[in-house]
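Okay, so here's the structure we're looking at.
The values are calculated or read from the model by the stated rules, or taken from the named source; none is laboratory data. Only a predicted model underlies this, so the values are computations on that prediction, with no experimental measurement involved. Positions of Cβ are generated from backbone atoms using ideal geometry, with glycine treated the same way; all protein chains shown enter the neighbour counts. All accessible areas refer to the heavy atoms of the entire protein, side chains included, with ligands and DNA or RNA removed. Shrake-Rupley method; radii C 1.70, N 1.55, O 1.52, S 1.80 Å.
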Amino acid sequence: MDRNAATNTIESAHRAHLTELPFGDARDFEDADRGFIAALEPCVVTAADGRVVWDNDSYAFLAGDAPTTVHPSLWRQSQLCAKQGLYEVVEGIYQVRGLDLSNMTVVEGHAGIIVIDPLVSTETAAAALALYRAHRGDRPVTAVIYTHSHVDHFGGVLGVTTQADVDAGTVQIIAPEHFTVHAVQENVYAGTAMARRAAYMYGAALARGPQGQVGCGLGQVPSLGEVGLIVPTLDIKQTGETHTVDGVEIEFQMAPGTEAPAEMHFYFPKFRALCMAENATHNLHNLLTLRGALVRDPHGWAGYLTEAIDSFTDRTDVVFASHHWPTWGRENIVEFLSGQRDLYAYLHDQTLRQLNQGFTGVEIAETFQMPPALAKAWHTRGYYGSVSHNVKAIYQRYMGWFDGNPGRLWQHPPEAIAPRYVAAMGGVDNVVALARTAFEDGDYRWAATLLDHTMFTDETNGPARALYGETLEQLAYGAENAVWRNFFLSGATELRDGAFGTPTQVASPTMMAQLTPEQMFDSLAISVNGPRAWDLDIAIDVTFTDVATNYRLTLRNGVLVYRKVPADPASADATVTLADKLRLLALAAGDGLSPGLQISGDGAVLQSLLGVLDRPDPDFRIITP
Ligand SMILES: [Zn+2]
């Protein structure tokens, strides 16, 4: 697929950034190379079936000066993120970087090694461990620590250990409390919609290259292998809690409700090293990730950074995280952590100040400026989060979607408003002509707004579709934020080539298996097609024989409610007896025949419940109606 060149407008904006930002400062490159031991050559990881799940070599084009089609600041960040290999953080602590979106850290203990955050997929985690072992010896894994509940920090656990070893007690799995509930919840309740939008955000389906995907700011891209999960055997609950793991003392700081709902920092006295999980990375992070999520709490986030600075920095020689490269030296560490803290605190406080003056989220975002010292620090720039969308997120967290203006309270939805606008502007051809003028003037934002209306009026209009694709491309080329770039390029790609759907697995079987029965019932309730179920009024007992527990399910008014109560065949329409919760998953997926299922009472009632469950659509449309 051919893409267009950058326009003069984009080129001259890039030239201005080259003088505004401190491109002469090479410390990040020195830090990203520091401690290098060996690369993985070639840096390609395949699954058992031969499918490529990781190809860092596809980023070999990230050399030299930025091309005109990539923001020079993002180009620099991608060059840093695309470095790969095994690195020594400090003697006894090693990181494998560039083998997935996230880092895997290895801490050497007495009998073996502690693995921190085993990447996204089984395959990349196994490759990372093999790279470590090739250079540091064949040490056994004695413990795994998950820093937080996002999939890029636990999904590859089956590549570094087995459930059997964990069950046998030879490997400990350590995580912040409530890890499992958050890890599965995020991937199940809104998982399908998030995964579809994540395809836009990470650009997994996009071609790599100067006119395509150049990375994600936080790392290059998530790997596409098998995602697994082993539930923790040790929950960390309190700040100040210390544990000796494989002979290594670790001091923990809880940081819940920050970048993830369950997250923690921890300190290794023996190594004078501090792990900041994902709360201090070399970019402005997301307060609301564009794939969709609950809005995060920047005030709490800043508070935990202050606590970390006060608790650890006077005895820390190196701080590392599960993305990007470490920071060495006390002065650099304090400057780095303080800058990160100020970043989230400033965004929070200044957004609140301005919303109390009556400005709305989009208005605050448009004029918001970071203090000069923060704006010029590379590690606070918006490669993954952005000032623009984080400010809107803070407004949303406190004020919601409505900006208070009654003229905007009850607007038509896109498919209804678009033809009205287009008619008011004299028809699609006129709107395309207006958009062409805006494009030539370099006002790509206005051109995109106009063309969005044309798509939601007549998506078959060829000139509108073509110009919309070109417009999104220029927005991509101009974006410093990697995920904005991926969103723009994904829209342009789908306009030209059709929808690419969801290239990743939404919720893997091993993750689904970790759902509690309550979470499974919740996900069933979310699947009930309300209108189709309006007239049903049923009660079903569901008994799990393995744990001798019964739940009473009732469906009325389209609402599925469950209660954990003893079975009562007299008041139930039917009783479903299941060998275990996995049998419930299979039943919900339509398997009524396999062993492990018994139905007594009125079996037709179960069929009517199963008959009103909708399937989510991983291919829903975004850029077109
Ligand atoms: Zn992460």
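Legend: calculated FRET efficiency, residue 556 to residue 617, from the Cβ-Cβ distance at R0 = 35 Å, rounded to 0.05, equals 0.85.
Dividing the summed helix terms, -39500 (n - 2.57) for each DSSP H run of n ≥ 4, by the number of residues in the chain produces a 222 nm estimate of -11500 deg cm²/dmol to the nearest 500.
The fraction of accessible area contributed by carbon and sulfur in the chain is 53 percent, rounded to a whole number (1.4 Å probe; ligands and nucleic acids excluded). Each part gets one Cα centre, and for region 427-503 versus region 72-118 those centres are 38 Å apart. For the chain, the spherically averaged projection of the C-alpha convex hull amounts to 30.0 nm². Taking every protein chain into account, the accessible area of the chain amounts to 41 square angstrom per residue (probe 1.4 Å). Distance from the Cα centroid of region 199-244 to that of region 520-575 is 36 Å (rounded to whole angstrom). Using a Cα-Cα cut-off of under 15 Å, which aspartates and glutamates could be cross-linked to residue 581, ignoring same-chain neighbours fewer than 8 residues away? Within the straight-line limit of under 15 Å, residue 581 reaches these aspartates and glutamates: 518, 522, 541, 546, 591.
Modelling each spin label as a point 7 Å along the Cα-to-Cβ direction, I'd like the residue 136/residue 63 distance in nm, to one decimal. If labels sit at residue 136 and residue 63, their model points lie 2.9 nm apart. With N the number of residues in region 242-310, Rg(Cα) / (2.2 N^0.38 Å) evaluates to 1.22.
By the rule of a C-alpha distance below 25 Å, with chain neighbours fewer than 8 residues away ignored, the lysines paired with residue 237 are 270. Bin all alpha-carbon pair distances of region 529-600 at 5 Å intervals from 0 and give each bin's fraction as a whole percent. P(r) over region 529-600, rounded to whole percents: 4, 17, 24, 25, 20, 9, 2. Using only alpha carbon pairs under 8 Å that are at least six residues apart, calculate the relative contact order of region 456-542 and give it in whole percent. Once normalised by length, the contact order is 20 percent.
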